[in-house]
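Working notes, structure below.
Coordinate-derived values only; no laboratory data. Nothing here was measured: the structure is a model prediction, and the numbers come from that model. Cβ placement follows ideal geometry from the backbone for every residue including glycine, while neighbour counts extend to all protein chains displayed.
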């Protein structure tokens, strides 16, 4: 991508209506634009990062047997009324159409997916099943704040599993838990798996995937040995207490929740008549689990955690571009050589943003590169001679390298 063609330009000033660091940097860098509280447009740079997160999630969901589908965002009242949630969910957007029929915008899809399954499943031989989608959700969030971390319209991956027995459900639950840890690690997030209340979804404990940061809204009490992790809202334990499992001193940390998983049991299948016949011909309700990840929330958490005073420091796998190539100077030869390097890297399948702007100062180019935050910065100038200056955005010394060594270095992730 040529930076001279990239929309929009970066912003020097902090947006007046943003407080959270993730929103400030994402807006200034040209990744997102706020439409209203809790609702953002993903601009070309932000959309590239979002698609990278989506691709990671899709790979890991496919690896645990998930079949991808897409369910409607517009739901009839009747399907929510079957479970009683049309009235009980206070963050559900509800309205009447011109035929005076009540509808809802999907804040979650348990009812819809259960309706799909009950129409097709009759025997234990049809189970287990795992369906997931990546789709927009709508929630009437009163506290829409913290940039992308708490929205009213947001992209979410939700996976639903259907089982004939609880033992199979538990085994799959653990498989998804491991897949989630892999997803967040690939996105550059170290997460704590914390027990939490099941809320309106389940009477059992759920598990939250929490990324530690001082900007977090949640507080997790945890054991450094990993024996006890709980959301502060459901435990009487606090930092300084002994771990009830191993006796070590508990600690606490502010965190951002980036994913959660629930054991739904038969709550939805019983209410909606989704059952199956076992080996004896006896009818039983299908046992369910659900597993969610907010893609925009992941992107916001990464921007909140991986940053410095100059801008975002993107982890390799989700960066919009692997490298940012800067042509510094007024010499036409510099731009000719930079163009050759850019085209060569493109042919090799390496995602490069090339700052080909001739009327922009070196200082502005360096500032933009830091703000946009590609993992590698490549500089061609009179000072670099016939070599290229290569520097990691995450820090360390710059190195002068020959152009033929670039693909090997840029094409592989770094710590």
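Temperature 25 °C, viscosity 0.890 mPa s: under these conditions the Stokes-Einstein estimate for the range 1-64, based on its Kirkwood radius over C-alpha pairs, is 187 µm² per second.
Sort 85-91, 251-257, 21-27 by the packing proxy (mean of other Cβ within 10 Å over each peptide's residues), most packed first.
Numbers: 85-91: 14.1, 251-257: 19.4, 21-27: 24.0.
Descending mean neighbour count gives 21-27, 251-257, 85-91.
Annotation: peptides 283-291, 268-276, 354-362, ranked by per-residue average of other Cβ atoms within 10 Å with the highest first, follow the order 283-291, 268-276, 354-362. Taking a ≥ b ≥ c as the square roots of the Cα gyration tensor eigenvalues, the range 321-410 comes out rounded, since a/c falls below 1.5.
What shape does the range 154-193 have by the C-alpha gyration tensor, where a ≥ b ≥ c are the square roots of the eigenvalues, rounded means a/c under 1.5, and otherwise prolate means a/b greater than b/c and oblate the rest?
On the way: a/c = 3.53, a/b = 1.71, b/c = 2.06.
Taking the square roots of the gyration eigenvalues as a ≥ b ≥ c, the range 154-193 is oblate.
Counting only DSSP H runs of at least 4 residues, each contributing -39500 (n - 2.57), and dividing by the residue count of the chain, the helix-based mean residue ellipticity at 222 nm comes to -8500 deg cm²/dmol.
Of the DSSP beta bridges with both residues in the chain, give the percent that are antiparallel, rounding to the nearest 5.
Details: 67 of 81 bridges.
Close to 85 percent.
Considering every alpha-carbon pair of the range 21-308, the percent of pairs per 5 Å bin, from zero through the bin containing the longest distance, is 1, 5, 11, 15, 17, 16, 14, 10, 6, 3, 1, 0, 0. Peptides 32-44, 5-17 ordered by packing proxy, namely the average of other Cβ atoms within 10 Å per residue, highest first: 32-44, 5-17.
The angle between the Cα long axis of helix 44-63 and the main principal axis of the chain comes to about 50°, on a 0 to 90 degree scale.
The distance separating the Cα centre of the range 278-318 from that of the range 1-25 comes to 25 Å.
How far is helix 295-305 tilted, in degrees, relative to the longest principal axis of the Cα atoms in the chain, given as a value from 0 to 90 rounded to the nearest 10? Approximately 50 degrees, to the nearest ten.
Structural descriptor for the chain: relative contact order 16 percent, calculated from alpha carbon pairs under 8 angstrom and at least 6 residues apart.
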